[in-house]
Amino acid sequence: MGKHNLHLEEIREGRGPGNVVMILIESENVTELFSAFGERGVRAETVSQKVVDEAQRYLQTGVPVG
């Protein structure tokens, strides 16, 4: 795999009651966005793990599009 740059942005003064996790993967010719939204009664860790798993599956396949 190529070089990875990670950037975390946390916004605490949001106007909504929930959370969202977004993973943006930029390659030479394509950009993919993975997201998951918090749900009432679902732990934030569960929501984030879901989107991380999806992004990892995408990276492991080596295909040019999602």
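The values are calculated or read from the model by the stated rules, or taken from the named source; none is laboratory data. On a predicted model such as this, the values are computed, not experimentally measured, just so you know. All accessible areas refer to the heavy atoms of the entire protein, side chains included, with ligands and DNA or RNA removed. Shrake-Rupley method; radii C 1.70, N 1.55, O 1.52, S 1.80 Å.
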All positions within the range 22-66 that are aliphatic (A, V, I, L, M) and not in a helix (DSSP H, G or I) = M22, I23, L24, I25, V30, L33, A36, V42, V63, V65
Got a number for residues in the range 51-62 being open to solvent by 70 Å² or more (accessible area, probe 1.4 Å) and either of a type outside the set (S, T, N, Q) or within 14 Å of V21 (Cα to Cα) (or both)?
-> 2
Filter result (open to solvent by 100 Å² or more (accessible area, probe 1.4 Å), farther than 22 Å from V63 by Cα and at pLDDT 85 or above) within the range 1-38 | F37
